[in-house]
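Below is one structure, written out as structure tokens, with a few remarks after it.
The values are calculated or read from the model by the stated rules, or taken from the named source; none is laboratory data. It should be emphasised that the depicted structure is a prediction, and the values quoted were computed from it without experimental measurement. Note: ideal-geometry Cβ built from the backbone for every residue, glycine included; neighbour counts use all protein chains shown.
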């Protein structure tokens with residue numbers, strides 16, 4: 001039996017991690033693409049059990065596989081930190097009154113010499129390239145466009161989540177795909193996610209010509225800050241007023257002329273950096289440190305970091321599973337100590353997580369989605385029930401949820417509801433034959449639907 005690669009092993013373990021109550025052999029098989037034989041999967045799972053990477057529940061046909069509690073934690077959030085990163089973390093977690101006041105140190109920026117200074121070692125740069133490489137010979141932005149829908153949802157949600165946004169992933173998906181704001185949410189949270197959508201679309205649409213320059217960074221800020229800053233003139237403009245950092249002893253620059261000079265210096269240095277990962281990480285360090293805008297600085301840095309990755313057709317960075325607390329503490333390490341090691345550990349880990357996500361997404365492009373295949377008959381049955389019942393949107397939502405509740409496993413219910421709702425919104429006279437519906441039935445239903 002051929003030895004399993006580390007990449008395939010991690011893919012299977014990540015797949016199992018999505019089933020907290022355990023996954024059956026069939027459920028794991030459905031999620032693997034390209035498919036492997038049942039016997040091969042059994043052999044691999046048996047090996048994982050012996051290595052204590054996976055544990056079993058039940059016997060024979062009822063057997064399910066799940067990650068041990070410790071492994072599940074590692075897969076979902078535990079970032080392994082270097083000794084220096086641990087020290088930074090302990091320092092910035094001390095009470096505010098015990099930490100020293102910190103001003104902006106321009107020497108921190110001045111000391112960086114493009115392609116001579118390396119925040120990421122050459123070994124790490126090569127490691128990240130091997131993880132993130134795709135078909136680099138195709139036009140810039142091709143890969144990001146291939147995974148556009150998944151990237152749009154992931155990056156919008158995760159970047160907003162790191163700002164304290166309380167939308168769930170599913171609510172974000174509904175907002176971006178269906179235009180429906182989640183009930184009970186603050187309007188600012190909805191606007192934040194919609195602004196991410198606009199900024200990500202801008203990055204991908206302009207990938208062929210996108211550069212790290214003043215125009216691009218200012219416009220990313222304008223898109224991300226729309227209707228979120230009290231003074232509309234501050235959108236896409238460098239700040240003219242002092243700002244503070246909550247929960248930190250750090251005081252950013254307050255003189256507009258110096259802010260402009262340092263911003264231009266950051267842009268000029270970033271332009272000269274050859275390696276796309278070093279370029280991305282440099283922006284994630286220095287844009288938040290300068291705080292060039294009145295607000296939304298961290299969001300600008302996260303999306304700007306994707307410019308070189310999208311341009312080079314590398315896997316994008318969407319901050320999948322990154323805990324908000326460790327990210328904030330890593331930035332405090334930069335703000336108060338001018339130490340990048342903790343943020344570097346977070347960046348590397350986050351990129352590895354993103355690559356796992358999008359390599360899996362890319363594998364199934366062009367192949368049927370196992371989830372859709374699994375629920376094909378039930379999805380069609382539900383669509384037919386809604387149409388023949390001439391249900392409006394409120395009645396249809398209740399009907400779909402009832403179907404999911406009684407006929408779909410808990411872990412699949414949210415996605416089942418979403419897929420059926422999406423199918424109904426995309427139903428038209430040119431595709432109703434798939435559901436064995438008559439044009440008269442469709443037209444009668446449409447009257448109530450609208």
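Structure values in brief
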| quantity | calculated |
| --- | --- |
| Residue tally, condition in contact with a strand residue (DSSP E or B) (Cβ under 7 Å, 6 or more places away or on another chain) and surrounded by 16 or more Cβ atoms within 10 Å (Cβ to Cβ), over segment 85-143 | 1 |
| Which numbered condition residue 152 fails, given (1) surrounded by fewer than 18 Cβ atoms within 10 Å (Cβ to Cβ); (2) under 16 Å from the mean Cα position of the chain (by Cα) | (1) |
| Boolean, residue 112 is at pLDDT below 95 and assigned by TED's automatic domain parsing to the domain that holds residue 251 | no |
| Residue match in segment 276-283 (condition: in the same structural domain as residue 328 (by TED's automatic domain parsing) and surrounded by fewer than 17 Cβ atoms within 10 Å (Cβ to Cβ)) | no |
| Residues of segment 303-347 satisfying the condition of being under 13 Å from residue 200 (Cα atoms) and not in a helix (DSSP H, G or I) | 305, 316, 317, 318 |
| Selection count, segment 181-205, where residues are assigned to a loop (DSSP other than H, G, I, E, B) and surrounded by 13 or more Cβ atoms within 10 Å (Cβ to Cβ) | 3 |
| Selection count where residues are without any contact (Cβ under 8 Å) to a residue 24 or more places away in the chain and part of a helix (DSSP H, G or I), scope segment 30-40 | 2 |
| Segment 404-413: number of residues that are buried (at least 17 other Cβ atoms within 10 Å of the Cβ) and more than 14 Å from residue 374 (Cα to Cα) | 0 |
| Count - residues of segment 244-261 that are over 28 Å from the mean Cα position of the chain (by Cα), touching a residue at least 12 places away in the same chain (Cβ under 8 Å) and in a loop (DSSP other than H, G, I, E, B) | 4 |
| Test: residue in segment 434-443 that is under 22 Å from residue 321 (Cβ atoms) and at pLDDT below 85 | no |
| Residue check for residue 128: under 25 Å from residue 298 (Cα atoms), in a helix (DSSP H, G or I), within 14 Å of the chain's Cα centre (by Cα) and assigned by TED's automatic domain parsing to the domain that holds residue 220 | no |
| Of all residues making up segment 17-29, the number that are assigned to a helix (DSSP H, G or I) and either modelled with pLDDT under 80 or outside the structural domain of residue 48 (by TED's automatic domain parsing) (or both) | 1 |
| Residues that are over 17 Å from residue 251 (Cβ atoms) and in contact (Cβ under 8 Å) with a residue 24 or more places away in the chain, drawn from segment 88-105 | 88, 89, 91, 93 |
| Filtered residues of segment 206-236 (kept if part of a helix (DSSP H, G or I), without any contact (Cβ under 8 Å) to a residue 24 or more places away in the chain and more than 16 Å from residue 301 (Cβ to Cβ)) | 215, 232, 233 |
| Given (1) within 24 Å of residue 271 (Cβ to Cβ); (2) free of Cβ contacts under 8 Å to residues at least 24 places away in the same chain; (3) more than 23 Å from the chain's Cα centre (by Cα), index of the condition residue 112 fails | (2) |
| Yes/no for residue 172 being part of a helix (DSSP H, G or I) and modelled with pLDDT of 90 or more | no |
